[in-house]
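Quick note: the coordinates plus some simple rules give every number you see, no bench work behind them. Treat the numbers as computed from the prediction; the structure is a model and nothing was measured. Here the Cβ is made from the backbone with ideal geometry for all residues, glycine too, and neighbour counts use every protein chain on show.
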Amino acid sequence: MITMIHVVNQFFAGLGGEDKADMAVAVTEGVAGAARGLQAQLGQDAQIACTISFGDNYFHEHKEEAMKGILDAVRSRGAQLVVAGPAFNSGRYGLSCAEICNAIANELGIPCVTAMHEENPAVGSYRDFANARIYCLPTAETAAGMTDALKALAKFAIRLGRGENIGPAQREGYIGRGIRRLEKADRPGVDRAIDMLLKKIKHEPFTTEVPMESWENIPPARPLTHLKDRKIAVVTTSGVVPWGNPDRFKTYRNTHWQKYNFAELKELEPGKWEAVHGGYNVAYMNKNPHYGMPLDALRSLEAEGVIGPGKLYPAYYVIPGNQGSPSVMRRVGQEIAADLKKEGVEGVLLVAT
Amino acid sequence: MSKELEKAGLPVAIVSAMYPVAEQVRANRIVKGVSIPHPCGDPSLPPELDARLRREIVQTALKALESEVTGPTVFSPSMAASG
């Protein structure tokens, strides 16, 4: 018999909705709320020792206390594994599930499985954790998919509890974490690669062994009309900054951005600016910063009236983009977007290296 | 980066020499840059022509901002501007 614990938010514990979102961590012996459904799917193979619940807001506002309460409860029950969720497309709940799993796996060495919709923003955190002890199963967008989600969680939990070997994401159906493992293949890589290439040339389906991160489609923003009346700003990932790098950007993995004013300048003079970036040869950019921030061209278009008077935002935004992790760049993008909006900018020229 | 800005409703023209990557990550208005270490211009050209090319690239980006697109679209600056 496998002993496990189910972690859910206040809503799925059956304790209340948004009005109970400030509820502290609570432990119920046996099953409560969604855990009943999970226990039904587990049958005789596993037993849920207790159901741990927490308020959606409480968790994020009192993270340290909440996490301690959860870890203590899990530790005291001697559980072999923990199930959190399913969180469907709820961002707060999804993030709690991912963070709880990560803490339990790291602190207690216990495997965890959670489940949520693939577009839940918390999937990004799950991928960033890339924790070999955590699995996240895809679910429907809403709780209409509860039965399927619990079935899948139960099946997966029993395998985890038995210590079965879990294969790669593509084969097992959990959401990929980007962890690569050494594996024995029947045929050498060169043969497999040529097979794939031939299939690709013949337009036949093939499966890559190195999947790239998939990217969401963002519907294009509306185009600008009356361009000369629109406020334009420049953002660049080239790493062009004032000489001496006053804000101490690193050549890689930066986590902050800056804005540099050029209101009084007609051009960026060589020797007064430099490029800080570890991903390309910065010699050209150092000699002529306009390759990364084309102020000379913008001023000339301004003089001709293509860009209206006062419509070039008088500062540019910069972060050296080298090795920026998608989640950090997303956050930086959001911060820059908010600042651009605040400043009334309507269109952006983004120079990327 | 370009996607977070577009999510906020700001049209973005991304100048990048790695335009296939920009397409792959589903940026919407993509302008072909010259090369990775110098997207806006070409140091092998005499300074005047280099500046003209840069102006052409920026102008293409502004045109891209004015263009209706439905998905990743690549805009090519006329390199004839470089002479």
Computed, not fitted: 222 nm per-residue ellipticity of chain A from DSSP H runs ≥ 4 (each -39500 (n - 2.57)), nearest 500, equal to -10500 deg cm²/dmol
Take each of the peptides B:19-31, A:285-297, A:140-152, average the number of other beta-carbon atoms within 10 Å over its residues, and list them starting from the highest.
-> A:285-297, B:19-31, A:140-152
Can you tell me the 0 to 90 degree angle between the C-alpha axis of helix A:326-342 and the longest principal axis of chain A, rounded to 10?
-> 50
Reachable aspartates and glutamates from A:K20, Cα under 13 Å, same-chain residues fewer than 8 places away excluded?
-> A:D56
Which of the lysines could a cross-linker span from B:K63 if the Cα-Cα distance has to be under 18 Å and same-chain partners fewer than 8 positions apart are dropped?
-> A:K228, A:K231, A:K311, B:K32
Provide Rg over Rh for the protein assembly as shown; use the alpha carbon set for both Rg and the Kirkwood Rh (inverse mean inverse pair distance).
-> 1.07
Cα-Cα separations in segment A:173-220 greater than 16 Å, expressed as whole percent | 58
Here the tail fraction of P(r) beyond 13 Å, over all Cα-Cα pairs of segment A:89-154, rounds in percent to 59
In degrees between 0 and 90, to the nearest 10, how far off the longest principal axis of chain A does helix A:63-77 point, with axes built from Cα atoms?
-> 30
Sort by residue number and report every cysteine in chain A with no other cysteine beta carbon within a distance under 4.7 Å.
-> A:C50, A:C97, A:C136
From largest to smallest, what semi-axes in whole angstrom does chain B give when each is the square root of 5 times an eigenvalue of its alpha carbon gyration tensor?
-> 24, 13, 10
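When N counts the residues of segment A:218-353, how does its alpha-carbon radius of gyration compare numerically with 2.2 N^0.38 Å, as a ratio?
So segment A:218-353 has a normalised radius of gyration of 1.04.
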If you take the charge dipole of segment A:227-351 about its Cα centre, with +1 on Lys and Arg Cβ and -1 on Asp and Glu Cβ, which of A:T236, A:M285, A:A263 is farthest toward its positive end?
-> A:T236
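Take every residue in peptide B:12-19, count the Cβ atoms of other chains within 10 Å of its Cβ, and give the average of those counts. Can you show the working numbers first?
Working: counts 11, 7, 7, 10, 5, 3, 2, 1.
Partner-chain Cβ atoms within 10 Å, mean over residues of B:12-19: 6.
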In Å and whole numbers, how far do the C-alpha atoms of segment A:40-108 stretch along each principal axis, longest first?
-> 37, 27, 19
Classify segment A:1-159 as rounded, prolate or oblate from the Cα gyration tensor: take a ≥ b ≥ c as the square roots of its eigenvalues, call it rounded if a/c is under 1.5, otherwise prolate when a/b beats b/c and oblate if not.
-> rounded
Once phi is turned into θ = phi - 60°, what whole-Hz ³J(HN,Hα) does the Karplus curve with 6.51, -1.76 and 1.60 give for every residue of segment A:35-45, x standing for Gly and Pro?
-> 5, 4, x, 5, 4, 4, 6, 6, x, 8, 6
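Sum up the charges of everything whose Cβ sits under 15 Å from the Cβ of B:E48, counting Lys and Arg as +1 and Asp and Glu as -1, but leave B:E48 out.
On the way: positive: B:R52, B:R54, B:R55; negative: A:E267, A:D296, B:D42, B:D50, B:E56.
Taking every other residue near B:E48 into account, the sum is -2.
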So, relative contact order of segment A:1-95 in percent, Cα under 8 Å, 6 or more apart, is 40
